[in-house]
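Asker: For reference, the structure I am asking about is given below.
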Amino acid sequence: MSAFDDLLAFQRQTEALSSVAERLGWDQETVMPRGAAEQRSEEMAAMEAVLHERRTDPRIGEWLDQAEPEDDEDQRILDLIARDHRRALQVPARLATELARQVSLSQGVWAEARAKDSPEEFLPVLADILMLKREEAAALADGRDLYDALLNDYEPGTTQADIAALFDAMRPRLVALRDEVLGAEFQPRPLTGHFPQETQLRLARACATAYGYDWTRGRMDIAVHPFSSGRWQDSRITTRVVETDPFNCLYSTIHEVGHSSYELGIDPDYAFTPLGRGVSMGVHESQSRIYENQIGRGRAFAGWLYQRMSDAFDGLSVPGPDAFYATLNRVTPGFIRTEADEVQYNLHIMMRFDLERDLIAGRLDVDDLAEAWNARFLADFGVAVDRPANGVMQDVHWAVGLFGYFPTYTLGNVYAGCLNKAMRAAVPDLDRFLAAGDAAPAVEWLRENVQRHGGLYPPRDLIERAIEGPVSEAPLLDYLEEKFAGIYRL
């Protein structure tokens, strides 16, 4: 066997073990007994120790030096393995193992504290996680900016300066649109009523099926914070249910179907290689956000969903598909990011970006985080946070150490705006299919132009290939202004 073949065989086992570790995380957040948290943390730490040892194996460096790629695909595999190898060498095994242990424990502490509205039970744990993440960032940064080192894990090649410039470009138009919408004479009515859990879950499955979700390679469960997990032949989704708000369940499901479909849509030849997973979280979020918003909250799909919901719940409190479409896209200054309308969603991300940068830089202490969150939320949204579960406790990301992840949601929205424009040009009769509850033409276009490539191209290169042009925030902002001007009769 050649050095390249030896390296791929070794990497195949590493990828398989990584998938096993991911499945342990899925189990913890869905069906694991609550009393097993401490045991699971030790299991996760043990898996991370094994993975870290493999990723730092000195043979990898030797194989990389000797490997002779036959084409660009081989070279990309070598580049990605080399990148992961360098990263693993920078982070001490002790730190990698302790982080795995602590974030496993922290997730359960966060979930219980959130349910009880008791931030005092969680914030000391968060302080420990933050200390470890700063240490990791310092190891990875090698004298450079700590936050950039963490951001690079989720969106390789992007810096906080890039993100800050993007947010500065977006904020004025988003705020101006929000002010116009909230000040409009016409305001859609909210959806009211009681929506039983089992009926919501049946509808959620129907929505997932409409997007072509492969139930032979996936499943749906309930979690405190919806997520997807897995790759290759096993990618699972979760959702959550609020019996007064069916949109929460349905659109969490569609969002996670977007993530899962990306993983299931990757070229199967890439399985167990670094090409066999989503290339970045920004690209991942582009899939979940375009599934959820440009496709799922569009007028055509909303008309199909209106009829399904009316039948399932014996009528709705809004009269007809047009009113339902407006209600589905209703703009309100709500607390919860995952429930936010398209106009304000990115403002939630901008707030979190600033707060987590300050946490990593040491400009903000965990003890002051809740106060800082509440003050910033009031300034940005004009509403006082009423309780911790609607404020600093709402997101799981910091609890599990995902500092640097939040900006990728807005990057995903920007990518989705570009992809939607290109997709609509390529599939001009798409709405005819969506009105019948058939998202296949959209899914097929995304699979062909984005999903099947996995990690083959760097993130921005992948999107620019798909849209045949440069990435810009303009298509997203233009889409939002046109859509909501129509809904609110501006």
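Asker: Would you mind calculating the gained length between residue 187 and residue 144 on full extension (0.36 nm times residue separation, minus the Cα-Cα distance), in nm to one decimal? It would help to have the intermediate numbers written out before the result.
Answerer: Values: separation 43, 0.36 × 43 = 15.48 nm, distance 4.85 nm.
Extra length available between residue 187 and residue 144 comes to 10.6 nm.
Asker: Relative to the longest principal Cα axis of the chain, at what angle does helix 407-426 sit, 0 to 90 degrees, rounded to 10?
Answerer: Approximately 70 degrees, to the nearest ten.
Asker: Restricting things to alpha carbons, tell me how big region 399-490 is in terms of Rg and Dmax, in Å.
Answerer: In Å, with Rg to one decimal and Dmax whole: 15.1, 44.
Asker: Determine Rg/Rh for the chain; Rg is computed over alpha-carbon atoms and Rh is the Kirkwood hydrodynamic estimate from the same atoms.
Answerer: 0.95
Asker: Still on this structure, I have one more. Show which aspartates and glutamates lie in cross-link reach of residue 483 when reach means a straight Cα distance below 17 angstrom and same-chain residues fewer than eight apart are skipped.
Answerer: Candidates past the 8-residue exclusion: 179, 180, 185, 292, 322, 341, 342, 431, 473.
Asker: Charges on Cβ only, +1 for Lys and Arg, -1 for Asp and Glu, centred on the Cα centroid of the chain; of 312, 286, 355, which one is farthest towards the dipole's positive end?
Answerer: Result: 312.
Asker: How big is D, in µm² s⁻¹, for region 49-101 by Stokes-Einstein at 10 °C and 1.306 mPa s if Rh is the Kirkwood radius over C-alpha pairs? Numbers along the way, then the final one.
Answerer: On the way: Rh = 11.9 Å.
Rounded, D is 133 µm²/s.
Asker: Along Cα→Cβ, 7 Å out, is where each label goes; now give me the distance between the ones at residue 478 and residue 173 in nm to one decimal.
Answerer: In this crude spin-label approximation the distance works out to 0.9 nm.
Asker: Hey, with R₀ at 41 Å, roughly what FRET efficiency would residue 338 and residue 267 work out to, going by the Cβ-Cβ distance, to 0.05?
Answerer: The computed FRET efficiency comes out at 0.85.
Asker: Please give, to one decimal in nm, the separation of the simple spin-label points placed at residue 57 and residue 164, each 7 Å out from Cα toward the Cβ.
Answerer: Spacing of the two 7 Å Cα→Cβ label points: 4.2 nm.
Asker: At 1.4 Å probe size, with every protein chain present, just tell me what the per residue accessible area of region 91-223 comes to in Å². Before the final figure, lay out each step's value.
Answerer: On the way: 6130 Å² over 133 residues.
Counting only protein heavy atoms, the per-residue value for region 91-223 is 46 Å².
Asker: Do any trypsin sites (Lys or Arg not before Pro) in region 397-490 lie in a DSSP loop with no more than 13 other beta carbon atoms within 10 Å, and if so, which?
Answerer: On the way: sites: 421, 424, 432, 447, 452, 460, 465, 483, 489; in loops: 489.
Taking region 397-490 and a limit of 13 other Cβ atoms within 10 Å, the loop trypsin sites (Lys or Arg not before Pro) found are 489.
Asker: Also, quick follow-up: Over 17 Å, how big is the tail of the calculated P(r) for region 3-90, in percent of all Cα pairs?
Answerer: Numbers: 2052 of 3828 pairs.
Taking all Cα-Cα pairs of region 3-90, the fraction more than 17 Å apart is 54 percent.
Asker: Which ³J(HN,Hα) values in Hz, rounded to whole numbers, follow from the phi angles of region 137-148 under the Karplus curve 6.51 cos²θ - 1.76 cosθ + 1.60, where θ = phi - 60° and Gly and Pro get x?
Answerer: Computed from phi, the couplings for region 137-148 are 4, 5, 5, 7, 6, 6, x, 8, 5, 5, 5, 4 Hz.
Asker: Between the helical axis of 299-312 and the dominant principal axis of the chain, each derived from Cα atoms, what acute angle in degrees is found, rounded to the nearest 10?
Answerer: The angle comes out at about 80 degrees.
Asker: What's the FRET efficiency of residue 314 with residue 448 using the Cβ-Cβ distance as r and R₀ = 35 Å, to the nearest 0.05?
Answerer: Details: r = 40 Å, r/R0 = 1.16.
After rounding, the FRET efficiency stands at 0.30.
Asker: Further question on the same structure: First compute the accessible area of region 3-90 with a 1.4 Å probe, then give the percent of it belonging to carbon and sulfur atoms.
Answerer: 47
Asker: Taking the Cα-to-Cβ direction at residue 432 and at residue 215 and moving 7 Å from each Cα, how far apart do the two end points lie in nm?
Answerer: 2.9
Asker: With every protein chain left in place and a probe of 1.4 Å, what is the accessible surface of residue 381, to the nearest 10 Å²?
Answerer: 20
Asker: Let me ask you something else. If you keep only loop residues by DSSP, which chymotrypsin sites (Phe, Trp or Tyr not before Pro) in region 201-291 have at most 12 other Cβ atoms within 10 Å of their Cβ?
Answerer: Listed in order of number, the matching sites are 215.
Asker: Taking the chain as the reference, fit the longest principal axis to its C-alpha atoms, fit the long axis of helix 440-449 to the helix C-alpha atoms, and give the angle between the two in degrees, 0 to 90, nearest 10.
Answerer: Roughly 30 degrees, rounded to the nearest 10.
Asker: Explain nothing, just the number: dipole magnitude of the chain about its Cα centre with +1 on each Lys and Arg Cβ and -1 on each Asp and Glu Cβ, in debye rounded to the nearest 20.
Answerer: 1120
Asker: While we're here: Assigning unit charges at the beta carbon (Lys, Arg +1; Asp, Glu -1) and nothing else, what dipole magnitude in debye, to the nearest 20, does region 161-245 show about its Cα centre? Walk me through the numbers before you get to the answer.
Answerer: Working: 11 positive and 11 negative charges, 66 e Å.
It works out to roughly 320 debye.
Asker: List the GluC sites (Glu not before Pro) within region 63-126 that fall in a DSSP loop (any state other than H, G, I, E or B) and whose Cβ has at most 13 other Cβ atoms within 10 Å.
Answerer: Those that pass, being in a loop and sparsely packed, are 70.
Asker: Could you give the C-alpha radius of gyration of region 236-377 expressed as a fraction of 2.2 N^0.38 Å, taking N as the number of residues it contains?
Answerer: The value comes to 1.28.
Asker: Sequence-distant or interchain residues sharing an amide H contact under 5 Å with residue 221, placed H: which?
Answerer: 237, 238, 239
Asker: A follow-up question, please. Run down the lysines and flag those whose C-alpha is under 28 Å from the C-alpha of residue 116, throwing out any fewer than 8 positions away in its chain.
Answerer: Once the sequence-local lysines are set aside, what remains near residue 116 is 133.
The values are calculated or read from the model by the stated rules, or taken from the named source; none is laboratory data. A quick note: this is a predicted structure, and the numbers were derived from the prediction, not measured. Here the Cβ is made from the backbone with ideal geometry for all residues, glycine too, and neighbour counts use every protein chain on show. Areas reflect the complete protein model, heavy atoms only, side chains present, ligands, DNA and RNA absent. Shrake-Rupley method; radii C 1.70, N 1.55, O 1.52, S 1.80 Å.
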